[in-house]
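The values are calculated or read from the model by the stated rules, or taken from the named source; none is laboratory data. None of these values were measured; they are calculated from a predicted model. So basically every Cβ, Gly included, is an ideal-geometry build from the backbone, and we count neighbours across all protein chains shown.
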Amino acid sequence: MFENKEIIVKLSEEANEVFEELNKITGEEKQKGIESSFHQTLLRSIQRVRDLLKQNPFAGDQVPKRQMPEKYSDKYDAENVWRIELANRWRLVYTITGNQVEIITFIMDIYNHKDYDKVFGYKH
């Protein structure tokens, strides 16, 4: 489908902090015998989406240019922004870049719904 290009999924520092914190919390929960929690569900959801993006970087919904927060073009030089839903109404926001050899899916942020709405300017 992607002309034998390697698909790489990378996390920004911010997204990696969220991912690492979830790993830490779920590890502590499992040591306490907690087998099911919000954190474990969210972590599994992120892992599932990351695996999905390795297969198909275009699996999410592209954000229209007019709705793209400036922070992504300013901070990451992103020319496109995609979002994909996670468990518990969280969102994963990413951009896609590439060249002749590879496609890079760069995860910029992982948000709860309230913070996502704030960054994207949605009002309730």
Determine, yes or no, whether GLU6 is charged (D, E, K, R) and either at pLDDT below 95 or closer than 21 Å to ASP117 by Cα (or both). yes
Only one of these conditions is not met by SER45: (1) touching a Ser or Thr at 6+ places or on another chain (Cβ under 6 Å); (2) under 30 Å from GLU28 (Cα atoms); (3) in contact (Cβ under 8 Å) with a residue 40 or more places away in the chain. Which number is it? (1)
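With the structure loaded, tell me whether ARG44 is in contact with a Lys or Arg (Cβ under 8 Å, 6 or more places away or on another chain) and either modelled with pLDDT of 95 or more or among the aromatic types (Phe, Trp, Tyr) (or both) or whether it fails that test.
Working: in contact with a Lys or Arg (Cβ under 8 Å, 6 or more places away or on another chain): no; either modelled with pLDDT of 95 or more or among the aromatic types (Phe, Trp, Tyr) (or both): yes.
Here the answer is no, as ARG44 does not meet what is asked.
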I need every pair where a residue in region 94-105 that is without any contact (Cβ under 8 Å) to a residue 60 or more places away in the chain has its Cβ under 8 Å from the Cβ of a residue that is assigned to a loop (DSSP other than H, G, I, E, B) and aromatic (Phe, Trp, Tyr), sequence separation at least 6 or different chains. ILE96/PHE58
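Restricting region 83-112 to residues that are outside any strand (DSSP E or B) and not β-branched (Val, Ile, Thr), which is surrounded by the fewest Cβ atoms within 10 Å (Cβ to Cβ)?
Looking at residues that are outside any strand (DSSP E or B) and not β-branched (Val, Ile, Thr), I get GLN100.
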How many residues are touching a strand residue (DSSP E or B) at 6+ places or on another chain (Cβ under 6 Å) and of a type in the set (Phe, Trp, Tyr) if we restrict to region 54-71? 0
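Among the residues of region 33-50, is there at least one that is at negative phi, charged (D, E, K, R) and surrounded by 15 or more Cβ atoms within 10 Å (Cβ to Cβ)?
Step one: list which residues in region 33-50 are at negative phi, which gives 34-50.
Imposing the further condition that a residue be charged (D, E, K, R) reduces the set to 35, 44, 48, 50.
Then keep just the ones that are surrounded by 15 or more Cβ atoms within 10 Å (Cβ to Cβ); that gives 50.
Looking for residues that are at negative phi, charged (D, E, K, R) and surrounded by 15 or more Cβ atoms within 10 Å (Cβ to Cβ), one finds at least one in region 33-50, hence yes.
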Please verify whether region 68-76 includes one or more residues that are outside any helix (DSSP H, G or I), of a type in the set (A, V, I, L, M) and within 17 Å of LYS10 (Cα to Cα). no
Looking at (1) modelled with pLDDT under 95; (2) under 28 Å from TYR122 (Cβ atoms); (3) buried (at least 16 other Cβ atoms within 10 Å of the Cβ), which is the one condition that is false for LYS65? (3)
